[in-house]
Structure formats: structure tokens, C-alpha cells
């Protein structure tokens, strides 16, 4: 077996070696790509071996993220660290890694915590520790229940990591502040300079990607908590624009898509619903499921034919899941001819989406028309994300893009990055306005 030589940065070494005896909550907060997750994995790998408690939890927005980030960890996760000392198992509490430690067996469960009903997955469990990945994306009821699940632990410990949230985020006030006051709290700050994998050339590349927005520069380069500024869809509210299940009378199901191979390829499923109030009808645009794959983010570039097959499977899954009348064809970005051609080959009818190419309404022109429409629907809570139990097709990637979709501070125009899901949502919004807004 090959031995992997790892070089940890001083910040990573500090994290891994930090004693947990007098700490109830340890927080690693900072920029993306700062190396904090790798340090957390090795820290907890050591903790689990020594812990006197059997059951432990790793949680992220969804279970797939928890497994990918912590269990696999791009080859540096728990399953690779423990090797043949651990095995994947399933019991009445769910999927877990069973570790054969010197002081007894340990079960490390991995679950999603980003949805309203996530709390049900841990009800009745007794835990020794909880590791929260991107704790700011988790549902607060779930986070609070996790702390209750560890009350009886012999070696009670919680580890949280996150990218800097807005200063008013509930997790700062309701969780971090609370434990800081107890004196059993450790907070650590991270930047790209704490990641030994990033050389100067790569750091310069990151800086040049972020410098067009002071908001992104402060948050994702300096790792500071900043108020959203320049975010195009700042009218989006994590609580008010998300619902646990579809409401109203379903009218039709429609699919929209955008394509890239290095960039993200996206297909979103929408259900339009009718609601009666005071003798009138109003309509809402519900995003119920999303197919999303980024070659750049995953390191796996797929062929166009592969995307077409996977999108067709996604469409068929949605049709079976919701049983709502479907409006064909699938509406695709007009500039993305290759994905349309591949979809047609596998029997999926397509048409060009309305991308606002010729729109002029007041002072708004082009895509600004679609952006204003979507801003209005979000603020009126008529553009809604419906929580998707199927992790493969949930809203995680959409939420990530939404937080990165900003304007260039010099030109004032939307930055042409992190926008494939956002563009797809704009196409859906244009369709909604054309067919339902004047009814």
C-alpha cells in the first residue's frame, strides 16, 4: 500500500492538535479553499479513535455532501484514513462508518441537515460528537437538536466549519454567541494562505476572480463577515423563499436548462401552482428539483451525450415523482446548441428559452429585464424553492450560485461567472411572466 506524504500548514497543525477536553464548540470559519475541511477530517479521525462514546455524527446540507466532503474527502477522508479498520454499514439510524477502535466500536453517521424535516433523522439518537459542515446552510432546528443529542456524552464535543456568513446570520447569535459566553468555545480564522496546496500562482488566480466585487473579495479572500452588497438576488430569503412541500393546485410542469462542460450544465424542474385568495387567482413559480454538474468543480468533464442521458433520466424522475401535466419541449439557452442536439438524439424535444435578448422595459434592457422580474418574484415570495428529499436533485448548488452571483463594480453588469443555474432560473421566470403574470 502506498504511503501518502502530507504537509500541513501551521493553521492545520494547530487545528488537528487542539485539545477538546475543555471545549464544547470549536469553529473553523474562513474562505473557501483555505484547507479547513482537511484539517477537520484529521482532527476528528483522531478524536473518534479516543472517544469513549460510540455514536457520532457528520452533517452537511445533504447526505451526499457529508459523504463527499468528510467520508471521502477527495481521497483524504475518514474511509481512506482508517482503511481496513473501518467499513460502511447501515442500521436503524442510517448509513455510517463503523470504526474498529482499540477501545471499542464507533459508529460515525453522516446525514443531511439543511431541510425542514432533517431533524427527524436524528430524533432518538444519543451522540458523542457532531461535526457541522457549512453550518450556516443547515436548518436551525436541526442544529439545535444536534446539541441536545449530545447532552449525555462522556466526551461531548462539536466542531463547526463555515464560510463567513452575513453578520446577522442566526447561527452566530443563537449558537456561537451562546457558547462563547460559557468559556468553552474556540474560534479560528482561515484564508487561502492557510492551505498548503495553493501556490502563489493559484492564489493570484483566485484573487483575480474575486477582485471585481468588494463583497466577494472581503468574504472569499479575506474571510470576513460582510453584509451582502452587489448580490443580484439579495431579495432572496432562506426562510421565506423555501417551503417544505408543494402548495396550491399544480397547473403544469416545465423544464429549463443551460449547458457548459468546464462550467456547469443545469436542468431545473418547475411546477407552476394556482392559489385562490379573496376571489382572485394568483400563480407561483416553484423550483422542485435541479440537475447540476460542473466539470470545473468536480474535476470530471462529461461528454455531451452523457449529459443528455442524465438529463433525460432527471426529467423522467421528476415526471414520475410529481405526476403533474408536463409542458414539452425543454427550454434551453439558445446559445447552447450542443446540449439541444444531444437531447434531441435521445428523444427529448427542445426549444430555445427566452433569454431576454430583445427585451426593453423602461430603463431595463436585455437580461436586466429578466433579472428585475426574478427579483420581483423573489420579494413577493412567488418564486419558491421546494425542499427536495432526493439529495441528487436538491437545491444545494442553486443556493451556492445565488450567493456568488454579483455585479462587476466597475461596469455594473452581472459578472459572467457562477451563473448557469441563475440564467436557467431567469429563463423560467420569463416563461412564467409570459404565460401567467397577466392572467
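Below, the figures for the structure above:
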{"quantity": "Residues of region 376-404 satisfying the condition of being buried (at least 22 other Cβ atoms within 10 Å of the Cβ), under 14 Å from the mean Cα position of the chain (by Cα) and outside any helix (DSSP H, G or I)", "calculated": "394, 395"}
{"quantity": "Some residue of region 85-92 being in contact with a helix residue (DSSP H, G or I) (Cβ under 7 Å, 6 or more places away or on another chain), at pLDDT 95 or above and closer than 30 Å to residue 237 by Cα", "calculated": "no"}
{"quantity": "Test: residue 403 is free of Cβ contacts under 8 Å to residues at least 12 places away in the same chain, outside the structural domain of residue 64 (by TED's automatic domain parsing) and more than 12 Å from residue 289 (Cα to Cα)", "calculated": "no"}
{"quantity": "Count - residues of region 309-333 that are outside any strand (DSSP E or B) and within 27 Å of the chain's Cα centre (by Cα)", "calculated": "17"}
{"quantity": "Matching residues, region 163-192, being within 21 Å of residue 120 (Cα to Cα) and buried (at least 20 other Cβ atoms within 10 Å of the Cβ)", "calculated": "175"}
{"quantity": "Filter result for the condition that a residue is at pLDDT below 95, surrounded by 23 or more Cβ atoms within 10 Å (Cβ to Cβ) and either touching a helix residue (DSSP H, G or I) at 6+ places or on another chain (Cβ under 8 Å) or in the same structural domain as residue 156 (by TED's automatic domain parsing) (or both), over 34, 118", "calculated": "118"}
{"quantity": "The lone exception for residue 421 - which of (1) crowded, with 18+ Cβ neighbours inside 10 Å; (2) over 24 Å from residue 297 (Cβ atoms) it fails", "calculated": "(2)"}
{"quantity": "Unique match (being more than 20 Å from residue 397 (Cβ to Cβ) and in the same structural domain as residue 254 (by TED's automatic domain parsing)) among 321, 310, 368, 300", "calculated": "368"}
{"quantity": "Residue count for region 323-343, restricted to those that are more than 13 Å from residue 267 (Cβ to Cβ) and in contact with a strand residue (DSSP E or B) (Cβ under 6 Å, 6 or more places away or on another chain)", "calculated": "5"}
{"quantity": "Any hit, region 193-213, residues being closer than 16 Å to residue 135 by Cα, at pLDDT 95 or above and surrounded by 13 or more Cβ atoms within 10 Å (Cβ to Cβ)", "calculated": "no"}
{"quantity": "Test for residue 125: is it in contact with a helix residue (DSSP H, G or I) (Cβ under 9 Å, 6 or more places away or on another chain), free of Cβ contacts under 8 Å to residues at least 12 places away in the same chain and assigned by TED's automatic domain parsing to the domain that holds residue 34", "calculated": "no"}
{"quantity": "Selection count where residues are crowded, with 20+ Cβ neighbours inside 10 Å and under 30 Å from residue 218 (Cβ atoms), scope region 44-69", "calculated": "9"}
{"quantity": "Residues satisfying the stated conditions in region 139-162, i.e. surrounded by fewer than 21 Cβ atoms within 10 Å (Cβ to Cβ) and in a loop (DSSP other than H, G, I, E, B)", "calculated": "151, 152, 153, 154, 155, 156"}
{"quantity": "Members of region 235-245 that are more than 16 Å from residue 286 (Cβ to Cβ) and buried (at least 17 other Cβ atoms within 10 Å of the Cβ)", "calculated": "235"}
{"quantity": "Some residue of region 349-368 being modelled with pLDDT under 95, surrounded by fewer than 21 Cβ atoms within 10 Å (Cβ to Cβ), touching a helix residue (DSSP H, G or I) at 6+ places or on another chain (Cβ under 8 Å) and in a helix (DSSP H, G or I)", "calculated": "yes"}
{"quantity": "Failed condition for residue 27, given (1) part of a strand (DSSP E or B); (2) within 24 Å of residue 143 (Cβ to Cβ); (3) out of contact with any helix residue (DSSP H, G or I) (no Cβ under 7 Å at 6 or more places or on another chain)", "calculated": "(3)"}
{"quantity": "Residue 32, sole failed condition from (1) more than 23 Å from residue 180 (Cβ to Cβ); (2) touching a strand residue (DSSP E or B) at 6+ places or on another chain (Cβ under 8 Å); (3) touching a residue at least 60 places away in the same chain (Cβ under 8 Å)", "calculated": "(2)"}
{"quantity": "Residues satisfying the stated conditions in region 189-217, i.e. out of contact with any helix residue (DSSP H, G or I) (no Cβ under 7 Å at 6 or more places or on another chain), within 30 Å of residue 372 (Cβ to Cβ) and touching a residue at least 24 places away in the same chain (Cβ under 8 Å)", "calculated": "209, 212, 213, 214, 215"}
{"quantity": "Every residue from region 8-24 that is buried (at least 20 other Cβ atoms within 10 Å of the Cβ) and in a helix (DSSP H, G or I)", "calculated": "11, 12, 15"}
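The values are calculated or read from the model by the stated rules, or taken from the named source; none is laboratory data. From a predicted model like this one, the values you see are computed outputs, not experimental measurements. So basically every Cβ, Gly included, is an ideal-geometry build from the backbone, and we count neighbours across all protein chains shown.
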